[in-house]
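Enquirer: Before I ask anything, let me first share the structure, which is written out below as structure tokens.
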Amino acid sequence: MRVLVLLGAPGAGKGTQAHILARHLGLPRVATGDLFRAAVREGTPLGTAAQAYMERGELVPDEITVGMLLERLAADDAARGAILDGFPRTRSQAAALDRALAERGAAVEAALYVDVPADELLARLSGRWLCEAAGHTYHETAYPPRVPGICDVDGSRLVQRDDDRPEVVRARLEKQLGALAEVVEHYRAAGILQAVDGRRPIAAVTNDLLDSIEPVPYWRTHP
Ligand code: AMP
């Protein structure tokens, strides 16, 4: 089982890289934020429990989050592994993931950290749009869709999330940067952290990430 964790602050480009890596490596991308949003849309008990935290830009408690993630990892399409996007967000989630994988004789292969400084994150987040169907991400200036308001990949409508509003972004960043630093430390201590400079162009970041986990350079298979 090949489990890769993608780490990065909101707006670091982590979601974009998760989509690219998932396609390239043939693994499902498992994003806890997407799972929560789907649960809210469907009005499940889990969605109801998570909604208030999400609207406040706060982390959903571990009791809810960890169970949901582990259930998703038990699905058939994740038997070979997964790219985790948005999990773990706290040191205790990281420890819970380690324990759950150890029970299956597995472990996180690498934690890929897309590193972007805080001031750049704030600037980036103000222009972020996502597609309704699958959460593909765009940016008004840095990464616009070919047709304004429409997803290049699946043609669905682009929307701005409530929690991407500036005052929510600032609150969310402050809270999450602290937790992120702890998760980064967790994997650094385990010797499996791979940090890349997230200020470079998308393809360059992808190349660096793939170089850090497999010997064949991305450009050799994607000329
Ligand atoms: P995201 O799409 O990853 O930004 O997640 C959106 C929201 O879902 C977050 O602001 C949190 O409220 C919640 N969420 C997503 N992943 C987690 C997680 N690993 N732990 C706690 N809350 C999470």
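Enquirer: So how much slack lies between L70 and A118, counting 0.36 nm per residue of separation and subtracting their Cα-Cα distance, in nm?
Expert: 14.2 nm
Enquirer: Once you order the gyration tensor axes a ≥ b ≥ c over the Cα atoms, which shape class does the stretch 1-81 get: rounded for a/c under 1.5, otherwise prolate or oblate by comparing a/b with b/c?
Expert: Cα axes put the stretch 1-81 in the oblate bin.
Enquirer: Calculate, in nm to one decimal, what L177 and V147 gain on full extension: separation in residues at 0.36 nm each, minus their alpha carbon distance.
Expert: 7.5 nm
Enquirer: Determine the percent antiparallel among the DSSP beta bridges restricted to the stretch 1-142, to the nearest 5.
Expert: 20 percent
Enquirer: Given a cut-off of under 8 Å on Cα pairs at least six residues apart, what relative contact order in percent is computed for the chain?
Expert: 28 percent
Enquirer: Can you say what percent of the DSSP beta bridges in the stretch 94-223, counting only those with both residues inside, are antiparallel? Round to 5.
Expert: Taking every DSSP beta bridge with both residues in the stretch 94-223, the antiparallel ones total about 60 percent.
Enquirer: Quick check: net charge around A204, other residues with Cβ under 12 Å of its Cβ, Lys/Arg +1 and Asp/Glu -1?
Expert: -1
Enquirer: Share of the chain's accessible area from carbon and sulfur, percent, 1.4 Å?
Expert: Carbon and sulfur together cover 54 percent of it.
Enquirer: May I ask for the equivalent-ellipsoid semi-axes of the chain, computed as the square root of five times each C-alpha gyration tensor eigenvalue and listed largest first in whole Å?
Expert: Equivalent ellipsoid of the chain: 24, 22, 18 Å, largest first.
Enquirer: Please list, in order along the stretch 103-109, the HN-Hα scalar couplings obtained from phi with the Karplus expression 6.51 cos²θ - 1.76 cosθ + 1.60 (θ = phi - 60°), rounded to whole Hz, x for Gly and Pro.
Expert: Karplus-based 3J(HN,Hα) across the stretch 103-109 equals 4, 9, x, 10, 7, 5, 6 Hz.
Enquirer: Calculate, for the stretch 65-146, the solvent-accessible area per residue in square angstrom, rolling a 1.4 angstrom probe over the heavy atoms of the protein chains.
Expert: With the other protein chains kept in place, the stretch 65-146 gives 47 Å² per residue.
Enquirer: So if I place +1 on the C-beta of Lys and Arg and -1 on the C-beta of Asp and Glu, and nothing else carries charge, what would the dipole magnitude of the chain be about its Cα centre? I want it in debye, nearest 20.
Expert: 260 debye
Enquirer: By average Cβ neighbour count within 10 Å, what is the ranking of 19-29, 139-149 from highest down?
Expert: The packing order, highest mean first, is 19-29, 139-149.
Enquirer: Along the stretch 43-52, what does the Karplus equation 6.51 cos²θ - 1.76 cosθ + 1.60 (θ = phi - 60°) give for ³J(HN,Hα), rounded to whole Hz, x for Gly and Pro?
Expert: x, 6, x, 4, x, 4, 5, 7, 4, 4
Enquirer: Please tell me the relative contact order of the stretch 1-103 in percent, rounded to the nearest whole number, where contacts are Cα pairs under 8 Å and at least six residues apart.
Expert: Normalised by residue count, the contact order of the stretch 1-103 is 42 percent.
Enquirer: Also: At 1.4 Å probe radius, can you tell me the per residue accessible area of the stretch 1-60 in Å²?
Expert: Ligands and nucleic acids excluded, the figure is 40 Å² per residue.
Enquirer: Something else: Could you run the Karplus curve 6.51 cos²θ - 1.76 cosθ + 1.60 with θ = phi - 60° over the stretch 185-199 and give me ³J(HN,Hα) per residue in whole Hz, x for Gly and Pro?
Expert: Along the stretch 185-199, the couplings run 4, 3, 7, 5, 4, 7, x, 10, 7, 10, 9, 10, 6, x, 8 Hz.
The values are calculated or read from the model by the stated rules, or taken from the named source; none is laboratory data. Just so you know, these numbers come straight off a predicted model, no measurement behind them. In this analysis, Cβ positions are derived from the backbone assuming ideal geometry, glycine residues included, and neighbour counts consider all displayed protein chains. Note: accessible area is taken over every heavy atom of the protein model, side chains too, but ligands, DNA and RNA are not part of it. Shrake-Rupley method; radii C 1.70, N 1.55, O 1.52, S 1.80 Å.
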